Amino acid sequence: MLAKHLSPIFIIALCTLVARSQQQAPNLTIIPAPAEISVQPGRFVINASTTIGYDSESDKKVAEFFGDYVREALQITLPVKREAVGESVIYFSSKGTEGLPNDEAYTLVVAPDRVHLQGKNAGLFYAMQTLTQLLPKEDDAQPAIPAVTIRDEPRYRYRGMHLDVCRHLFPIEFIKKYIDFIAAYKLNNFHWHLTEDQGWRIEIKKYPKLTEVGAYRAQTLIGNNKQQGDYDATPYGGFYTQDEIREVVAYAAERYVNVVPEIEMPGHALAALASYPYLGCGDNPGPYKTAETWGVFDDVFCAGKEETFAFLEAVIDEVIELFPSEYIHIGGDECPKTRWQACPYCQKRMKNEGLKDEHELQSYFVQRMEKYINAKGRRIIGWDEILEGGLAPNATVMSWRGDEGARAAAKQGHDVIMTAHTYGLYFDNKQGPDTHREPLNIGGYAPLEKVYAADPTPKALSEAERKHILGVQANMWTEYMETDRKVEFMLLPRLYALSEIAWTTPDRKNWKDFSEVRVPAHLAKIDQTETVYRVPEVIGLKDTVIYASEYVFKGLQPSVLGGKIYYTIDNFNPTDTDLEYRDGVTVVVPKGKERVFKAIVVAPSGRHSNYVRAVIINSKSPETTAK
């Protein structure tokens, strides 16, 4: 049964809401915001006579999933019966869904005497996920769900979240938890980045050295200063067996999540070259070792040797057996041409194939692998560098360097998945503007607001070209994420914003409702668990400089429902031992002096946000002086 593998964060975390927030918010506290929602008077009370009903066996799985949620969240066991009837029924049905636009659409009607969920396949599952977000608090004397009518469907058919397990490896149980997050917020693709310079993480039975050698590195860079060259002197590595991969793929499928494997080529290949040096350029390639630092390396797969393609085709054969995904991701990014320029085999290949430069050689490489994968009934995805030298005929492009790749591919009639770091979709980027207040990260700036503001469909495209934008994905590169707790911190709450831009049409988005009502409510749920998340800064306050003799800070709100705000005015960093902000604070500044107001949010669990700082100066502003 599905719920046997359900992560505890979703048994509890998705099942706690505050009634006051539901009543005041246009979308209640649902993330992502539904296409249509109409709040009705009344509520459905869950009591001892409530039953859960279903139509078909596939409906039964979702109904049982929901029953386990209720039992764990509310400590109430509801019987699950086929075609249940009565005055208090929660009914799951795939019947009468012919009019729904697709298999991911659903309707949810909560009336005082009945809850009716309708959808086909994933649609019914997503209806259930919405209903779990409407469940009452465990300690409610009369647990009830607000009466509401919802008609919903996704904006995009591809809604993805990526995870790099090569720079740092994470256990299978965490991979499942990650998939739980994806499924709970109506994403439907898990992009599993399995091979890299720093580690080969998938068992390939024909080539055992890939995991005997390539899955391990001798040591790892400390910090992010490559020039300093400070290493931990500790061997690191591991991999997923084929049985473990099958387990993950099946777990994801039960939650309507497709797993897209990525096998990097022709670059980012050091781990493979360390395992099988003959795959490198020249007659005496190497020596190679699995990379101990981050970045882009000149050593790549040789594009001139037939042995290279025989190796990669055999790898793909085993990958296809493990992953039913329509798409196989082949990377194609950041492939230096230095070795190819000096390699007699690559130069011979270019001459024989009539290729004018190494960019066309890369295109030859990608197109040749695409033909092989297409012949197996699958399609390729590659990063936007696969556009260089001519795009493979049936390839889908992940546009990561901006929207230029998306626009170029769409104009050529190719499908696109938007995943641009310029849109805030690289979740390894820091979440706050001040580097010193954030954990070690790769840099960049992708706060919650930037992710939420992104529109994955570039406005410059024509109506016909826009149809090629399949969807959106955020990427989690793990150079600076040694633990799964760090991954969670970088994921939440930005996952909520990704969910909304992937599912909800732009006209239904509402930043104020999202950031001030729904995100605080969802973080309050997560706060009750052991899951790590980043507490957003105080709502209503930004780092700023104010010229005044007196200033009133009012209207500030905690970013986690049930949290509190604490502040200082002496430039010391506040803690929960400092003054608590309640209805407002007036800061008086003597002439010629300044006061530094700092405030933090402390969640009920004790987790706290970074401080926000406002400097109030009692003197003429520079602008005034200049005049």
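The values are calculated or read from the model by the stated rules, or taken from the named source; none is laboratory data. Since the structure is predicted, the reported quantities are computational estimates derived from the model, not experimental observations. Note that we place each Cβ from the backbone using ideal geometry, even for glycine, and neighbour counts take in every protein chain shown. Side chains included, ligands, DNA and RNA excluded: accessible areas come from the protein's heavy atoms. Shrake-Rupley method; radii C 1.70, N 1.55, O 1.52, S 1.80 Å.
A few comments on the model shown:
- Within the chain, DSSP assigns beta bridges of which about 45% are antiparallel (rounded to the nearest 5).
- Placing unit charges on each Cβ (+1 for Lys and Arg, -1 for Asp and Glu) gives the chain a dipole about its Cα centre, and among Ser275, Ser621, Asn188 the Cα reaching farthest toward its positive end belongs to Ser621.
- Segment 167-272, accessible area per residue, ligands and nucleic acids excluded (1.4 Å, Å²): 32
- Per-pair calculated FRET efficiency, R0 = 25 Å: Asp455 and Glu98 via Cβ, rounded to 0.05: 0.20
- Entries of Lys486/Lys525; Lys542/Lys620; Lys177/Lys430; Lys95/Lys525; Lys95/Lys509 with Cα pairs more than 26 Å apart: Lys95/Lys525; Lys95/Lys509
- Label-point separation, Thr544 to Asn224 (7 Å along Cα→Cβ), nm: 2.9
- Highest-first arrangement of 148-156, 109-117, where packing means the average Cβ count within 10 Å: 148-156, 109-117
- Rounded to the nearest 20, the Cβ-based charge dipole of segment 62-211 about its Cα centre (Lys and Arg +1, Asp and Glu -1) stands at 600 debye.
- For the chain, a simple Cβ point-charge model (Lys and Arg +1, Asp and Glu -1, everything else neutral) yields a dipole of about 1200 debye relative to the Cα centre.
- Here the gap between Gln412 and Thr586, fully extended at 0.36 nm per residue and compared with their Cα-Cα distance, gives a gain of 56.7 nm.
- Share of carbon and sulfur in the accessible heavy-atom surface of the chain [1.4 Å probe, %]: 49
- The residue list Leu425, Leu78, Val110 was ranked by how far each Cα lies along the charge dipole of the chain toward its positive end, using unit charges on Cβ atoms, and Val110 comes out on top.
- Dipole of the chain, positive end: most advanced residue of His162, Leu523, Gly304 [Cβ charges, Cα centre]: Leu523
- With both labels modelled 7 Å from their Cα along Cα-to-Cβ, the Glu307 to Ala342 distance reads 1.9 nm.
- Cβ-Cβ FRET estimate between Arg485 and Val45, R0 fixed at 30 Å, reported to 0.05: 0.20
- Taking every full run of DSSP H in the chain, the ones that stretch at least 15 Å from end to end by Cα along their long axis and average -0.5 or higher on the Kyte-Doolittle scale are 122-133, 172-184, 242-254, 306-322.
- The dipole here belongs to segment 43-105: it is taken about the Cα centre, uses +1 on the Cβ of Lys and Arg and -1 on the Cβ of Asp and Glu, and is about 260 debye.
- Solvent exposure of segment 501-586 amounts to 49 Å² per residue of accessible area, where only protein heavy atoms count and the probe is 1.4 Å.
- Solvent-free Debye scattering, log10 I(q)/I(0), computed from the Cα coordinates of segment 504-578 at q = 0.17, 0.18 Å⁻¹: -0.83, -0.90
- Using the Cβ of Asp55 as centre and a radius below 10 Å, the other residues enclosed give a net charge of 0, where K and R count +1 and D and E count -1.
- Read-out Rg and Dmax of the Cα atoms in Å, derived from the coordinates shown; its label in [x] 33.4, 134; [y] 26.6, 81; [z] 24.6, 82: [y]
- Backbone amide hydrogens, once placed in the peptide plane, bring Ile202 within less than 5 Å of Tyr240, excluding anything fewer than 5 places away on its chain.
- Sorting 425-433, 468-476 by average packing, meaning the other beta carbons within 10 Å per residue, from highest down gives 468-476, 425-433.
- DSSP-defined beta bridges in segment 389-526 - what % are antiparallel, rounded to 5: 0
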